[in-house]
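The values are calculated or read from the model by the stated rules, or taken from the named source; none is laboratory data. Only a predicted model underlies this, so the values are computations on that prediction, with no experimental measurement involved. Note that we place each Cβ from the backbone using ideal geometry, even for glycine, and neighbour counts take in every protein chain shown. In case anyone asks, the SASA skips ligands and DNA or RNA and just uses the protein heavy atoms, side chains included. Shrake-Rupley method; radii C 1.70, N 1.55, O 1.52, S 1.80 Å.
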Amino acid sequence: MKRKISLTINGKSYTDEVEPRLLLIHYLREVAGLTGPHIGCETSICGACTVMLDGRTVKSCTMFAVQADGRQILTIEGLAADGKLDPVQEAFWNEHGLQCGFCTPGMILSSKQLLEDNPNPTDQEIRHGLEGNLCRCTGYQHIVNAVRAAAKAGA
Amino acid sequence: MIPQTFEYTAPQTLEEALGLIAGGDRKILAGGMSLIPLMKLRLATPGEVVDLGRVSGLNGISENGGVVSIGAMTTHHAIETSRVTRAHCPLLAETAGHIGDVQVRNVGTLGGAVAHADPAADYPAALLALEAQIKLISAQATRSVAASDFFLDAFTTALEPGEIVLEVEVPAEDQSEGYSYEKVPHPASGFAVVGIAARIKKDGNRIAMARIGVTGMGAHAFRALAAEKVLENGGSVADAAATVGDGETPNSDLYASADYRLHLARVHAARALATAISRAS
Ligand SMILES: Cc1cc2nc3c(=O)[nH]c(=O)nc-3n(C[C@H](O)[C@H](O)[C@H](O)COP(=O)(O)OP(=O)(O)OC[C@H]3O[C@@H](n4cnc5c(N)ncnc54)[C@H](O)[C@@H]3O)c2cc1C
Ligand code: FES
Ligand code: FES
């Protein structure tokens, strides 16, 4: 039986009827039309589907949309304010923290979480904080550089 | 990767939740970090899912009279970072920080992890070393089961149908104690190939108390009782570590044969004990 859910995504209210088995990532991409969060592995490993739920990162392929009823979601689309990139986005841009860009929406949200929890991380702490996000292109070094630069910029 | 259809209920109170799970083909959903992957693979196909996420009173950490109580729905992240766990059961906080990754720790719960009883889960080693009690509740009764009587087999616990994990009670660690959790993570899954939780209390140069929990080695976590005795009787760390896994049948898989696992367990038991001893005062 379908259930009605109401949630806030990037500051905007959404109300929809969904099947309980609908995964949050499928809701975000196919119902809400937000294709920033990506589907990489669909097995809870790669972190490409990472979004923030009430201010903490989650893998949206491992959560049902009904669990997000009444809650606040932030996707990569909601990060830039008034056309101005978030400092973490800016740092990924400046430091070449991406190549194909597939992992980037998840990487950036995980980096934001990391800097909120620990504004001055060591390189080792950056790598530990991004353990839930895989990148097949960069070899991670430029991502670590970007997070370090964002920390320096006070993101 | 789309689960089979199911009915979903999200009760607001514990009474309501316990009434719901008293009958039928119903499965509890906590953080979903174990259940949802199984449902996506259709290894689990419950007809009805009861989400504990909106039940009030199941989430929280408090310390009272030397006992730390942790609600079933408390996340790994909260256990890793809470001031109460870090001050009164730092072994559990350290262990929580080794689970999965940040996203998994943000939603995965203590109750879900103990109820799931994965043979490679991290908490069971620490809960055995801490001599924790698991509090269970059903519509009829509550009872308390020692961690050593709770984990019975792979994915099998002392939970009866209609019962849920309510909270976990951990006797506070003594301020003078040393502790350590040493884990060999599987390179792909991050789960423990072996994990050793150690606690040490010193009396001068003597070891007055040793507690060692081992996970990843067998069907369920266990206490390395022989190794504890060796240390408490004045034996060396090397002699104690050499007895870890005696009498157990270690798991064997593509990544680690039984012999290799046993070797890893002994090497890492020695490391965990050395760290715990150096942290004890
Ligand atoms: C990518 C990834 C990596 C992981 N790495 C690790 C790791 O390194 N170490 C580790 O230990 N774990 C790891 N896990 C598992 C994680 O710790 C899970 O959070 C945990 O096993 C289950 O907790 P949950 O709250 O998510 O429970 P759920 O998945 O919601 O439930 C698990 C099971 O427990 C039952 N259940 C849930 N709550 C209760 C309750 N209160 N009473 C009775 N039954 C209940 C459910 O019905 C279900 O059968 C990992 C998971 C993922 C996805
Ligand atoms: S798509 Fe969700 S973790 Fe890979
Ligand atoms: S930039 Fe291509 S996967 Fe990370």
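Could you go through region A:66-75 and let me know if any residue there is of a type in the set (Asp, Glu), outside the structural domain of A:Ile143 (by TED's automatic domain parsing) and touching a residue at least 40 places away in the same chain (Cβ under 8 Å).
Yes; the residues of region A:66-75 include at least one that is of a type in the set (Asp, Glu), outside the structural domain of A:Ile143 (by TED's automatic domain parsing) and touching a residue at least 40 places away in the same chain (Cβ under 8 Å).
A single entry from A:Pro37, A:Pro20 fulfils the requirement of being crowded, with 19+ Cβ neighbours inside 10 Å, more than 24 Å from B:Asp101 (Cβ to Cβ) and touching a helix residue (DSSP H, G or I) at 6+ places or on another chain (Cβ under 6 Å): A:Pro20. Within region A:119-155, being within 13 Å of chain B (Cβ to nearest Cβ), in a loop (DSSP other than H, G, I, E, B) and within 16 Å of ligand 3 (Cβ to nearest atom) holds for A:Leu130, A:Glu131, A:Gly132, A:Asn133, A:Leu134.
Out of the residues in region A:22-36 that are of a type in the set (Gly, Ala, Ser) and more than 15 Å from A:Met63 (Cβ to Cβ), which is nearest to the other protein chains (Cβ to nearest Cβ)? Even if it seems obvious, please write down each step before you answer.
Taking region A:22-36 as the starting set, the residues that turn out to be of a type in the set (Gly, Ala, Ser) are A:32-33, A:36.
Then drop every residue that is not more than 15 Å from A:Met63 (Cβ to Cβ), which leaves A:33, A:36.
Details: A:Gly33: 19, A:Gly36: 16 Å.
Here the answer is A:Gly36.
The residues in region B:205-263 that are in a loop (DSSP other than H, G, I, E, B), in contact (Cβ under 8 Å) with a residue 40 or more places away in the chain and open to solvent by less than 20 Å² (accessible area, probe 1.4 Å) can be counted, and the count is 7.
B:Arg105 satisfies every condition listed in (1) basic (Lys, Arg); (2) away from ligand 2 (no atom under 16 Å from the Cβ); (3) open to solvent by less than 30 Å² (accessible area, probe 1.4 Å) except (2).
Within region A:88-114, the set of residues being within 12 Å of chain B (Cβ to nearest Cβ), within 13 Å of A:Ala151 (Cα to Cα) and within 13 Å of ligand 3 (Cβ to nearest atom) comprises A:Ser111 only.
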